[in-house]
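Below is one structure, written out as structure tokens; comments come after it.
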Amino acid sequence: MLNAIVVGMGPIGISAARAVEDDPGMKLVGMVDVDPSKLGKTLDEVAGKGKGSGPVVVEKISEAAEGANVAIVTTSSKFDRVAPTLSECIRHKLHVASSCEEMAWPRYLHAKLSDEIDAQAKRGGVGLIGTGVNPGFVMDLLPVVIASMLAHVTGVKVIRRLDAATRRKPLQEKVGATMTPEHFKGLAAKGAIGHQGIRESVALIAAGLGRTVESGSVKTTLEPVIAEREMDSLMGKIKPGMVCGMRNTASWSGGNLAINLDLVMAIGAKDPQDRVELSGPVPLTAIIPGATPGDTATVASLINCAKMMPNVSPGLKTMLDIPPVGCRRM
């Protein structure tokens, strides 16, 4: 039995805690959040499902860690912000599976800090990994896996089209739904809106294909998607001319390889899908119709990786470092 705590009780954390409870090979032994309104509440209470039973939310990892083997961390997209939480988990001998987007390839922006956390994890005898759908699978690991069927690859292009109407409210907010274009562009200029981790995805693909992406070498764009018709969102009506989502691109080339990622997350996005195109002497294309379901798949990835981490050598890992995870629920 794998005893787990969940750190960060937002929508993904709540879903992850529920998934732990539902898994016959896992047990939820603790929940952690700094929000005063959640402290002392059971999972059912935090989720608005009544009183419930089981552990209650506490403020510190030290209050929840006794008897736990692994922590599922869903607190921040930024690696430098999640690093203190990782250090605390290491001190309590907890393996970690985290949804932190920059943790998919933390060395791209935070090489020194990555080395420090890696050294701490090795001394503590635990494994840490950043995982999820994107980054973590669709726009990075999946192209690398498919490329194993080719002897030579000169280009990787990944197109992800996601209808944000099917996603949770925080994601709809993150992609700018209901904003004016001017407001969106102002926030984008400050780095205060949009998807996180697309540069890390480029670096992960490159590493999986034997190249190295230097920090700052990935070129990115971020633009609003403008509604052409009235639509509903979890923040209210989106009228024509308002923002209904975002388009984020990233590109890099080197070592006779070009990588291009093209991500659209927008309410009402047409023909949602994930598309991986590999170019070279024998081109290969793979398509997932409807696109990988982000919220449920993120939780699944966290749970499945959490089960794997006690069997992985200690250190700060990426999805390239561990065996294929799979769904091992019996």
Take residues that are crowded, with 16+ Cβ neighbours inside 10 Å and tell me which of the strands (runs of 3 or more DSSP E) falling wholly in region 147-252 contain 2 or more. 155-163, 219-226, 231-233
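Restricting attention to region 183-210, which residues are among the acidic types (Asp, Glu) and modelled with pLDDT under 95?
none
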Going through region 147-178 in order, the residues found to be among the hydrophobic types (A, V, I, L, M, F, W, C) and more than 24 Å from the chain's Cα centre (by Cα) are Met149, Leu150, Ala151, Val153
Can you report the number of residues in region 240-282 which are modelled with pLDDT under 95 and of a type in the set (D, E, K, R)? 2
Taking the residues in region 301-323 that are surrounded by fewer than 17 Cβ atoms within 10 Å (Cβ to Cβ) and of a type in the set (S, T, N, Q) as candidates, determine which candidate is nearest to Lys169 (Cα to Cα). Asn311
Residue that is outside the structural domain of Arg18 (by TED's automatic domain parsing), closer than 17 Å to Val133 by Cα and in contact with a helix residue (DSSP H, G or I) (Cβ under 8 Å, 6 or more places away or on another chain), where the choices are Gly326, Gly268: Gly326
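Scan region 49-65 for residues that are of a type outside the set (Gly, Ala, Ser) and either in contact with a Cys (Cβ under 9 Å, 6 or more places away or on another chain) or at pLDDT below 95 (or both) and jot them down.
Lys49, Lys51, Ile61 - these are the residues of region 49-65 that are of a type outside the set (Gly, Ala, Ser) and either in contact with a Cys (Cβ under 9 Å, 6 or more places away or on another chain) or at pLDDT below 95 (or both).
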I'd like to check something: does region 254-262 contain any residue that is touching a residue at least 40 places away in the same chain (Cβ under 8 Å), under 16 Å from Thr166 (Cα atoms) and of a type in the set (Asp, Glu)? no
Kindly indicate the residue of region 253-300 that is surrounded by fewer than 17 Cβ atoms within 10 Å (Cβ to Cβ) and within 20 Å of the chain's Cα centre (by Cα) and also farthest from Glu223 (Cα to Cα) among those meeting that condition. Thr296
Give the residue, chosen from Val20, Val57, Val29, that is in contact (Cβ under 8 Å) with a residue 40 or more places away in the chain, in a strand (DSSP E or B) and over 21 Å from Glu200 (Cβ atoms). Val57
Just to be sure I understand, how many residues within region 119-138 are under 16 Å from Asp321 (Cα atoms) and crowded, with 20+ Cβ neighbours inside 10 Å? 11
May I ask you to say which residue of Ala121, Ala71 is in contact with a Pro (Cβ under 8 Å, 6 or more places away or on another chain), outside the structural domain of Ala206 (by TED's automatic domain parsing), at pLDDT 95 or above and not in a loop (DSSP other than H, G, I, E, B)? Ala121
Residue under evaluation Pro324, criteria (1) closer than 23 Å to Arg160 by Cα; (2) of a type outside the set (Ser, Thr, Tyr); (3) modelled with pLDDT of 95 or more; (4) part of a loop (DSSP other than H, G, I, E, B), criterion not met: (3)
Per the list (1) at pLDDT below 95; (2) within 21 Å of Glu101 (Cβ to Cβ), residue check on Val213 breaks on (1)
From the list Ile90, Ile72, pick out the single residue that is crowded, with 16+ Cβ neighbours inside 10 Å, out of contact with any strand residue (DSSP E or B) (no Cβ under 7 Å at 6 or more places or on another chain) and among the β-branched types (Val, Ile, Thr). Ile90
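The values are calculated or read from the model by the stated rules, or taken from the named source; none is laboratory data. Every value quoted in this text rests on a predicted model; they were computed, and no experiment measured them. Backbone-built Cβ (ideal geometry, glycine too); neighbour counts: all protein chains shown.
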